[in-house]
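To start, the structure itself, in structure tokens.
The values are calculated or read from the model by the stated rules, or taken from the named source; none is laboratory data. None of the values given here were measured: they were computed from a predicted structure. Because the Cβ atoms are built from the backbone with ideal geometry, glycine has one as well, and the counts that use them run over all protein chains shown.
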Amino acid sequence: MTEPLKSPPKKNPQLRTSAPTLPPTMRSRAAMGLTAAAAEGRFMLQVCADCGTVLYPARDACSRCLSTDLHWQEVSPKGRLLAETTVRTSTNLYFRERAPWRTGTVQLDVGPVIICHVHGDVERNGRVVLWNRLDRAGQGVLIAMPEQPTPNMEDDPQLRAMTSDPKHRRVLIADARSENAAAIARALKKAGAGQVFIGEAEAWRPNPMRAVLEDIPGVQILPLDVTDTRSVAELAGEIGGKVDILINNARFLRPGGALSRGDTVFAQQEMEVNYLGLMRLAQAFGPGMCARTADGVNSAVAWVNILSAHALVSLPELGGFSASQAAALSLSQSLRAEFRASGLRVMNVFIGPTEDDWHQPLPPPKVPPEALARDLVAGLQAGLEDVYCGDVARDLIERFRAGAKVLEREMTTGQG
Amino acid sequence: MNARQSYEGVALVAPASTEYRRYSIETAHWWIATALRQALDVAGLRPADLDGLSLASFTLFPDSAVGLTQHLGLCPRWLDHIPMGGAAGIVALRRAARAVQAGDASIVACVAGDTNQIDSFRQLLSSFSRFATDAAYPYGYGGPNANFALLTDRYMQECGATREDFGRICVSQRQNALKSPRAVMKKPLSMEQYLAARPIADPIALFDCVMPCAGAEAFLVMPVEEAERRNLPYATIAGAIERHNAHAEDPIQLRGGWTMDIDELYAQAGCGPADIDLLQTYDDYPVISMMQIEDLGFCAKGEAPRFVREHDLTTTGDFPHNTSGGQLSGGQAGAAGGFIGLVEAIRQVTGTAGGTQVAGARRAMVSGFGMINYDRGLCTGAAILEGAGA
């Protein structure tokens, strides 16, 4: 049984904060298939299209029939632990700092022999199920888990080092006026989060959500306007050192593309909030969070963007808004590179139409705030990079992967 | 299948070993040149007399054997570079012997050497092989310690080996090393010290692991007539085998490629395990020495723990093993680790081993094992050498 993680004591400001170190980052191009699957929490291995052999480590040719027609597919993650070791020292700084570290050899029922991390609750020579997770370097790694869940299994230090679990962590939600703020705050508290800060722009304006938010224990509403560089900087100065997870839920949305609007006023506001807002938050909060990724139980761990799935392909009815989402998606990819050395993870939650006023003319299915909050917190707990929330987002990414040009044409001819 | 041709007419001479150093500011080039010069001096040859060169090294980058010919002023008509680590010695010997037999070269120098600068070991490990980079290094496998820990764990479960059994190999090799002037380990090692050592990767502790260091080993291959004309003591090759990626279907490596070829080795040499006077195994960890004792026919599979309990493995014992202290007590100088047992065996059967000389040693078996590409060593090799003895 895993020892339950205790809430950390208040930080001693005189002690030096540990500098972040990373596990090895280098991978071959083929091996990056594991990373792509881990970004979505899927367990996939290479399978030979000609002879069906499941292959590991990743190859460029099948070791049974020399076929080069290899594909990443979901296969059974079950197997048995054949041998194990507890590594007590390593030439690699990341593991040296985290020793002892349990690893082992697992033979999967589908064949391959896999060197992997081993969860503390796995029994010696026991049955296991492999999880594919991103490590702090952002690369896919495999960890052997007990076949049946065990108490507090998420608190295992090796597993927690891979996830963005909100337990005992402090969170900033950027926009208290969003319909989803209360649902996200409640889901985070249920998952064991510490303090939840929620930003509120233009406090003088009435906020119908305020009463609901104030009712949630451990929630604190603070002034934050993502379109105002000074406001963002002021809040970062105040709480930047204790934000472990930042959730950017601010967004501005109006219907129409270029011709239907006739001017660029809405487009500017969309860019101000959806794109430049993200950049302002990153510039103000990013450096502080990057410096605190090795800061113990409540270290900085994740940056969350809630993006429209139409960042992938434009929905002409929301053409201007889609463009701002595409800009934000592109910036989030840049942030992944900029945060990489610290291990701070960027998680994008892609959603389809949500249950709110501005999506009123669109047909269902729509994403209710509770579903968004549930998938967001589950994504943090699994340490994901990409979450597709709701039927529309999942449908869009499937079609995007099947053929981006075909999807574009479907959207622009009203078949979206 | 064609019958294996004999290696007759080929002589192994001039065994040369540099001192070993834990860390060195010198390069691999420097260490290789030092060993090569020593071998040539022993044989009374000049560099220009060489017309063949076989090289093994991990830290020569960006050079290979080709670049080294210009660096060292050599003009060989036969050139080889063997990236096979612990099996490099056996493979070099097999290829060089065939080149000499075929007349492609008349005097081949086989050299292996590496430097060990601060942090160079870690950097070597981080890009050792593609599978290691993709699927072992990211799991904290900073070197083969954890790989061999897994293997040792499974071997203990399957064969009932205990830590004391592995300790017997390490302790007796230390006794041998104390008689060798070159070994990096100069202090005695007791079983109590072995068992109480700092754990590295369970069940492996400090004295189960080799110490990376700098050094080089060399020997020359030439026709027997040439060795006799120059009045050089020489060893001959009674038989030699190699094998790569054997038993790929075994989930954990509990046997090596030797098992596929060992019968042919004894048949070629016209002898059996009982006729071997001393054994040099590749010993980066004691478990792999046990595996070789089994796979080379000295006892049945799984019986090595009992075998080491029942035999004295020192130079004066009934089963002399890794007589110079091996890598466990001598140090692992990169690719020279694949040569250390072979060079010592040439000394032994030519009666030139000095303090570690086994009395009456005329037939030695040498074994190589190399390249932990992902979860197991891929290369295995073995040779039986004969000489006139002391």
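Just to be sure before I move on: is B:Ile288 closer than 30 Å to A:Leu108 by Cβ and either at pLDDT 95 or above or more than 14 Å from chain A (Cβ to nearest Cβ) (or both) in the structure I sent?
Working: closer than 30 Å to A:Leu108 by Cβ: yes; either at pLDDT 95 or above or more than 14 Å from chain A (Cβ to nearest Cβ) (or both): yes.
Answer is yes for this residue.
Of all residues in the stretch B:260-276, which are out of contact with any strand residue (DSSP E or B) (no Cβ under 9 Å at 6 or more places or on another chain) and of a type outside the set (Gly, Ala, Ser)? Answer for the stretch B:260-276, where residues must be out of contact with any strand residue (DSSP E or B) (no Cβ under 9 Å at 6 or more places or on another chain) and of a type outside the set (Gly, Ala, Ser): just B:Asp263. The C-beta contact set for the stretch A:38-57 (first residue part of a loop (DSSP other than H, G, I, E, B), second residue of a type in the set (Asp, Glu), distance under 7 angstrom, 6+ apart or interchain) comprises A:Ala39/A:Glu385; A:Ala39/A:Asp386; A:Glu40/A:Asp386; A:Arg42/A:Glu74; A:Phe43/A:Glu74; A:Ala49/A:Asp69; A:Asp50/A:Asp69; A:Pro57/B:Asp134.
Specify the residue that is farthest from A:Thr89 (Cα to Cα); the eligible residues are those in the stretch B:128-140 that are at the interface with another protein chain (Cβ under 7 Å from one of its Cβ atoms) and not in a helix (DSSP H, G or I). Steps first, answer last, please.
The first filter runs over the stretch B:128-140 and keeps only residues at the interface with another protein chain (Cβ under 7 Å from one of its Cβ atoms), leaving B:130-131, B:133-140.
Of the ones still in play, those that are also not in a helix (DSSP H, G or I) are B:136, B:140.
Working: B:Ala136: 15, B:Gly140: 9 Å.
Filtering first and then ranking leaves B:Ala136.
Across the stretch B:81-90, which residue is surrounded by the fewest Cβ atoms within 10 Å (Cβ to Cβ) among those that are under 18 Å from B:Phe61 (Cβ atoms) and in contact with a helix residue (DSSP H, G or I) (Cβ under 7 Å, 6 or more places away or on another chain)? Here the answer is B:His81. Among the residues of the stretch B:238-268, those identified as hydrophobic (A, V, I, L, M, F, W, C) and touching an Asp or Glu at 6+ places or on another chain (Cβ under 8 Å) are B:Ala238, B:Ile241, B:Ile252, B:Leu254, B:Trp258, B:Ile262.
Could you list all residues from the stretch B:197-233 that are part of a strand (DSSP E or B) and more than 13 Å from every other protein chain (Cβ to nearest Cβ)? Break it down stepwise before answering.
Applying the first criterion (part of a strand (DSSP E or B)) to the stretch B:197-233 yields B:199-201, B:204-205, B:212, B:214-223.
The answer is B:Ala214, B:Gly215, B:Ala216, B:Glu217, B:Ala218, B:Phe219, B:Leu220, B:Val221, B:Met222, B:Pro223.
Of these, A:Leu172, A:Leu246, A:Leu213, which one is buried (at least 20 other Cβ atoms within 10 Å of the Cβ), assigned to a helix (DSSP H, G or I) and modelled with pLDDT of 95 or more?
Numbers: A:Leu172 fails: assigned to a helix (DSSP H, G or I); A:Leu246 fails: assigned to a helix (DSSP H, G or I).
Step by step, each of A:Leu172, A:Leu246, A:Leu213 is checked, and only A:Leu213 is buried (at least 20 other Cβ atoms within 10 Å of the Cβ), assigned to a helix (DSSP H, G or I) and modelled with pLDDT of 95 or more.
Can you pull out every residue in the stretch B:97-126 that is β-branched (Val, Ile, Thr) and either more than 27 Å from B:Val210 (Cα to Cα) or not in a loop (DSSP other than H, G, I, E, B) (or both)?
Of all residues in the stretch B:97-126, those β-branched (Val, Ile, Thr) come to B:100, B:107-108, B:111, B:115, B:118.
Residues satisfying the conditions are B:Val100, B:Ile107, B:Val108, B:Val111.
For (1) modelled with pLDDT of 95 or more; (2) part of a loop (DSSP other than H, G, I, E, B), each residue gets a yes or a no:
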site	(1), (2)
A:Thr91	no, yes
A:Arg102	yes, no
A:Ile114	yes, no
A:Gly120	yes, yes
A:Val128	yes, no
A:Arg136	yes, yes
A:Thr163	yes, yes
A:Lys167	yes, yes
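Scanning the stretch B:142-166 for residues that are in contact with a Leu (Cβ under 8 Å, 6 or more places away or on another chain), more than 7 Å from chain A (Cβ to nearest Cβ) and either free of Cβ contacts under 8 Å to residues at least 60 places away in the same chain or part of a loop (DSSP other than H, G, I, E, B) (or both) returns B:Arg163, B:Glu164. Can you tell me which residue in the stretch B:341-390 is farthest from the other protein chains (Cβ to nearest Cβ), limited to those that are in a strand (DSSP E or B) and hydroxyl-bearing (Ser, Thr, Tyr)? By that ranking, first place goes to B:Ser367. Note on the stretch A:98-125: among residues that are touching a residue at least 40 places away in the same chain (Cβ under 8 Å), over 22 Å from A:Thr150 (Cα atoms) and over 25 Å from the mean Cα position of the chain (by Cα), the one that is farthest from the other protein chains (Cβ to nearest Cβ) is A:Val110.
Here's the yes/no breakdown for (1) among the small types (Gly, Ala, Ser); (2) away from every other protein chain (no Cβ under 12 Å); (3) surrounded by 19 or more Cβ atoms within 10 Å (Cβ to Cβ):
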| site | (1), (2), (3) |
| --- | --- |
| A:Ala19 | yes, yes, no |
| A:Pro24 | no, no, yes |
| A:Arg27 | no, no, yes |
| A:Ala30 | yes, no, no |
| A:Ala38 | yes, no, yes |
| A:Arg42 | no, yes, no |
| A:Cys48 | no, yes, yes |
| A:Ala58 | yes, no, yes |
| A:Cys62 | no, yes, yes |
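Only residues that are of a type in the set (D, E, K, R) and more than 10 Å from every other protein chain (Cβ to nearest Cβ) were counted in the stretch A:65-93, giving 3. Please find, among A:Ala144, A:Ala83, A:Ala137, the residue that is within 22 Å of the chain's Cα centre (by Cα) and over 25 Å from A:Arg340 (Cα atoms). Going through A:Ala144, A:Ala83, A:Ala137 in turn, the sole match is A:Ala144.
Just for the stretch B:114-127: of the residues that are within 22 Å of B:Leu378 (Cβ to Cβ) and in contact with a strand residue (DSSP E or B) (Cβ under 8 Å, 6 or more places away or on another chain), which one is nearest to the other protein chains (Cβ to nearest Cβ)? By that ranking, first place goes to B:Phe121. When the stretch A:93-113 is filtered for residues that are touching a helix residue (DSSP H, G or I) at 6+ places or on another chain (Cβ under 8 Å) and crowded, with 23+ Cβ neighbours inside 10 Å, the ones remaining, listed by number, are A:Trp101, A:Thr103, A:Gly104, A:Thr105. Can you find a residue in the stretch B:261-278 that is touching a His at 6+ places or on another chain (Cβ under 9 Å) and either among the hydrophobic types (A, V, I, L, M, F, W, C) or free of Cβ contacts under 8 Å to residues at least 12 places away in the same chain (or both)? Within the stretch B:261-278, one or more residues are touching a His at 6+ places or on another chain (Cβ under 9 Å) and either among the hydrophobic types (A, V, I, L, M, F, W, C) or free of Cβ contacts under 8 Å to residues at least 12 places away in the same chain (or both).
Test B:Ala92 against the stated conditions and say whether it is outside any strand (DSSP E or B) and either among the polar types (S, T, N, Q) or away from chain A (no Cβ under 14 Å) (or both).
Details: outside any strand (DSSP E or B): yes; either among the polar types (S, T, N, Q) or away from chain A (no Cβ under 14 Å) (or both): yes.
For B:Ala92, the condition - outside any strand (DSSP E or B) and either among the polar types (S, T, N, Q) or away from chain A (no Cβ under 14 Å) (or both) - is met.
In the stretch B:308-335, the residues that are hydroxyl-bearing (Ser, Thr, Tyr) reach residues that are in a helix (DSSP H, G or I) and modelled with pLDDT under 95 with C-beta atoms within less than 8 angstrom, at least six apart or across chains, in these pairs: B:Ser324/B:Gly330.
Filtering A:Leu407, A:Leu362 for residues that are surrounded by fewer than 23 Cβ atoms within 10 Å (Cβ to Cβ), assigned to a loop (DSSP other than H, G, I, E, B) and in contact (Cβ under 8 Å) with a residue 40 or more places away in the chain leaves a single hit, A:Leu362. Considering only the stretch B:259-268, I want to know if a residue exists there that is outside any helix (DSSP H, G or I), in the same structural domain as B:Gly381 (by TED's automatic domain parsing) and at pLDDT 95 or above. No, because not a single residue in the stretch B:259-268 is outside any helix (DSSP H, G or I), in the same structural domain as B:Gly381 (by TED's automatic domain parsing) and at pLDDT 95 or above.
The single condition from (1) over 17 Å from A:Val54 (Cβ atoms); (2) crowded, with 20+ Cβ neighbours inside 10 Å; (3) touching a residue at least 24 places away in the same chain (Cβ under 8 Å) that A:Pro151 fails is (2).
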